[in-house]
Amino acid sequence: MPPALVARLRPRRRGLRIAGVVLAALYLLYLVGANAFLNSAWGEAVVNRKPERYHATWAWAVSLYPGHIHAREVVMGGHARITRWTVASPVANGRIKVLPLLWREVAFGRIRARDVSVYVARAATDMPSTVRPGRAPWTLRFDAITTPSLLRLDFYDARVTGHGDARFVFEKTLQGGAMEVGRSTLAMPDATLSVGGVTLLRDGAMDFEMSMPAHIRAQAQGEEKLVLLDARMRVDGPAPGLDLVARNDDALPINAAGAAGHLRADLSLHRGVLMPGSRLDWSAPVLSRVADGRALRHALGVALRTTRDHIAVAARVPDGADRPPRLRADLQVQDRRLGPDDWLRPLRAVSGRVDATWPAVPLRWIDVFLDDVDWLEFDGRADLDAALRLRRGELVAGSRIDLRDAQLRARVLDSRFRGSAHARMRMEGDDDPARARTRIDVVIDRFELAPESAPARVDLHGRNLRLDLRSTGRLAEFHERLDARLRFDDAEVPDLRSYNRYLPGDSARLLGGQGTASGDLRLDNAGEMIAGRMQVRGQGVRLALGPSRLSGDVMLDSRLSRMERQGPRRYALDALELQLDGVRLDDGRDGEPWWARVALEQGTLAWREPFEVAGRGRVEMRDVSVLLGLFAEREVFPRWIGRLVDSGQARAEGEVRIRGEELVFDRVQASNDRIDLQARLRIDGGTPQGDLYARWGVFGVGVELADGQREMHIVNAREWYDGRPPLLE
């Protein structure tokens, strides 16, 4: 030191010593105080005053000078409106600028962390900002958060893992103020990228950069921020193939099948618009399986190019030997925007053609196509042959889809049809989607029908069930304008007792028998029957009407039409004919078998379990023996009635109602050349009660049936019967 300077400082030596001691004391005090604060519960409580909005934990931390922080095992997280985030690092160094704190700004210099993991996801609840009137909000500013080893980034449905060099620049004014993302970058030479659980890149090079101008929530929130995003992503490396076998229960059963392909992409986004020059090339094997279980492997190539006018996409699976799949797609997307207001906008702007032939394709994707037709389900695998023509995102005339050996389920009238089906879809009309007509013809070679309440029970099985679906207009309106027709003939009914759920309990029930059934039903878009014809034939049918037992052959033919399109299932019985042949009443007699022809007029039916039926019927029958037998054995009546029972064909008419466990016949009038008969009968819970009057010339007799007891009325029988009240109003 020069002698002159030494001479000048010598008188001030004491003051310099004092200043040095004070500075050292202050520094020591800072070291003790700051580090005690950082490593105490008090310091953690100060930082985590609002843990629901922001929280931070660390194993220990040290500060060597004001603004400096070195921390270990750092975990930070927060909840901002509908976004929840977490950042974790074993080691982090950073600096907080002290002076900006005076104007309510938390400004960080460069923060450097190691082995960082980041998690960003949509929150289940919204966390609105709180505004305090009269106080300026705080501002958070990060000049640069850097790491030479980003290990994992979870961003909504996307995930990136590897070892990357990342830099993030960010500024946010609290209490609903503006947010800005500066130029942020990620370079990862060994990246694995997956979206929605499907791996797109494995151990490949990835470079990503992004920025976003200052904006407030009113301008964009959540996914809407995409319209403000400037980004560029470049990837080059191994990509997985597609395994169409791995997850057969998913709607789109695509899974990674090893890093056997290659992905190269250079995509640029400006304010949510894919920029010209963006390109993507992907080549990969596709693994599938034919119906007999043999594994197939095919080469798939996909290319994307972006021009000023459109996005061009081409896909190829070339023809091979031994019944290979084939795919040829040439598409153009006329809209380059990727907007959160309508994520399907690019699909709605697709034009071009897709031709494909593929064996054993999983069919859960059809549920997406028939999302609103929830009464109809395709499942399993089927051979696909398709030629699709698209215009502005819609299928147009000339499009077709053929499926073979698909598993189909259709829910109709609380029952479920199921079987292996062939389906043909055709689009007809011209190139205007509004004038298109869609036809889907389905044939089930072998089918079964079971009640939805007991799907393991088979009520019906047959062949050649046909389901025809028709709709007009745009395919998106397929459900709204759908008209369906379901037909089957002579299906086997192994046990007629399975239909007792539609009958009134012990009042009328089937005791046995088998038969066949046919149906021709028109269905609306909800799978409800609006009109139909149903026929049932039964052989050796055994039937109980209260305590009476009958057996014989039955043929039922009914035509129904829905009375109201909405609400309860109420149908008008446009026609109902019932033929009974070879009927015997279980009364111990061996007479000639009985027959009857029944027609129900002005009838209504409420489709529920059990049925509710009302109407007026006409009957032609061999004789009145069965009608009399419902009231009493023949020996109970006077002898002259017994002689007249078999006296010839009779005609009858009356009213009938089935409701709950009650079966009612009222105002029944029957006659032949020698006898007139009137009756009313109610069977409720299996117990019959009612009145009967029979007359031959001047002779008449009445029978009152109540609680299993019969009372005969010989004197003034007609007056007695006329005085009895009707059962139906």
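The values are calculated or read from the model by the stated rules, or taken from the named source; none is laboratory data. Because the structure is a prediction, the values reported are computed rather than measured. In this analysis, Cβ positions are derived from the backbone assuming ideal geometry, glycine residues included, and neighbour counts consider all displayed protein chains.
Quick test for you: out of 727, 681, 627, 663, pick the one residue that is touching a strand residue (DSSP E or B) at 6+ places or on another chain (Cβ under 8 Å), hydrophobic (A, V, I, L, M, F, W, C) and not assigned by TED's automatic domain parsing to the domain that holds residue 577.
Selected residue: 727, the only one of 727, 681, 627, 663 that is touching a strand residue (DSSP E or B) at 6+ places or on another chain (Cβ under 8 Å), hydrophobic (A, V, I, L, M, F, W, C) and not assigned by TED's automatic domain parsing to the domain that holds residue 577.
Determine which member of the set 459, 431 is charged (D, E, K, R) and over 22 Å from residue 400 (Cα atoms).
Working: 431 fails: over 22 Å from residue 400 (Cα atoms).
Going through 459, 431 in turn, the sole match is 459.
Under 6 Å by Cβ, and 6 or more places apart or on different chains, what pairs join a residue from region 476-489 that is in contact (Cβ under 8 Å) with a residue 24 or more places away in the chain and of a type outside the set (A, V, I, L, M, F, W, C) with one that is surrounded by fewer than 16 Cβ atoms within 10 Å (Cβ to Cβ) and assigned to a loop (DSSP other than H, G, I, E, B)?
These pairs meet every condition: 479/372.
Quick grid of which residues meet (1) outside the structural domain of residue 628 (by TED's automatic domain parsing); (2) closer than 26 Å to residue 687 by Cα:
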| position | (1), (2) |
| --- | --- |
| 502 | yes, yes |
| 549 | no, yes |
| 553 | no, yes |
| 556 | no, yes |
| 564 | no, no |
| 573 | no, no |
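Being exposed (fewer than 14 other Cβ atoms within 10 Å of the Cβ), assigned to a strand (DSSP E or B) and out of contact with any helix residue (DSSP H, G or I) (no Cβ under 7 Å at 6 or more places or on another chain) narrows it down to one residue among 431, 445; which is it?
445
Within the group 80, 92, 71, 59, which residue is modelled with pLDDT of 75 or more, surrounded by 10 or more Cβ atoms within 10 Å (Cβ to Cβ), closer than 30 Å to residue 195 by Cβ and under 50 Å from the mean Cα position of the chain (by Cα)?
92
Filter region 494-510 down to the residues that are over 17 Å from residue 414 (Cα atoms), touching a residue at least 40 places away in the same chain (Cβ under 8 Å) and either outside any helix (DSSP H, G or I) or hydroxyl-bearing (Ser, Thr, Tyr) (or both) and list them by number.
Within region 494-510, 504, 507, 508 meet the criteria.
In region 526-627, which strands (runs of 3 or more DSSP E) lie fully inside it and hold 3 or more residues that are touching a Pro at 6+ places or on another chain (Cβ under 8 Å)?
Here the list reads 570-585.
Return the only residue of 689, 709, 678, 669 being touching a helix residue (DSSP H, G or I) at 6+ places or on another chain (Cβ under 8 Å) and either farther than 23 Å from residue 619 by Cβ or in contact (Cβ under 8 Å) with a residue 12 or more places away in the chain (or both). Write out each step before concluding.
Details: 689 fails: touching a helix residue (DSSP H, G or I) at 6+ places or on another chain (Cβ under 8 Å); 709 fails: touching a helix residue (DSSP H, G or I) at 6+ places or on another chain (Cβ under 8 Å); 669 fails: touching a helix residue (DSSP H, G or I) at 6+ places or on another chain (Cβ under 8 Å).
Exactly one of 689, 709, 678, 669 is touching a helix residue (DSSP H, G or I) at 6+ places or on another chain (Cβ under 8 Å) and either farther than 23 Å from residue 619 by Cβ or in contact (Cβ under 8 Å) with a residue 12 or more places away in the chain (or both), namely 678.
Has region 472-485 got any residue that is touching a Phe, Trp or Tyr at 6+ places or on another chain (Cβ under 7 Å) and either over 25 Å from residue 395 (Cα atoms) or part of a loop (DSSP other than H, G, I, E, B) (or both)?
No - not one qualifying residue is present in region 472-485.
Where the second residue is in a loop (DSSP other than H, G, I, E, B) and among the small types (Gly, Ala, Ser) and the first is over 26 Å from residue 301 (Cβ atoms) and lies in region 261-273, which pairs have Cβ atoms under 8 Å and are six or more apart or on separate chains?
Every condition considered, the pairs that remain are 272/339.
Please identify the pairs in which a residue from region 591-608 that is of a type in the set (Val, Ile, Thr) has its Cβ atom under 9 Å from the Cβ atom of a residue that is surrounded by fewer than 18 Cβ atoms within 10 Å (Cβ to Cβ) and in a loop (DSSP other than H, G, I, E, B), counting only partners at least 6 apart or on another chain.
604/563
For (1) farther than 27 Å from residue 462 by Cα; (2) crowded, with 18+ Cβ neighbours inside 10 Å, each residue gets a yes or a no:
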position: 377; (1), (2): no, yes
position: 386; (1), (2): yes, no
position: 392; (1), (2): yes, no
position: 401; (1), (2): no, yes
position: 408; (1), (2): no, yes
position: 415; (1), (2): no, no
position: 421; (1), (2): no, yes
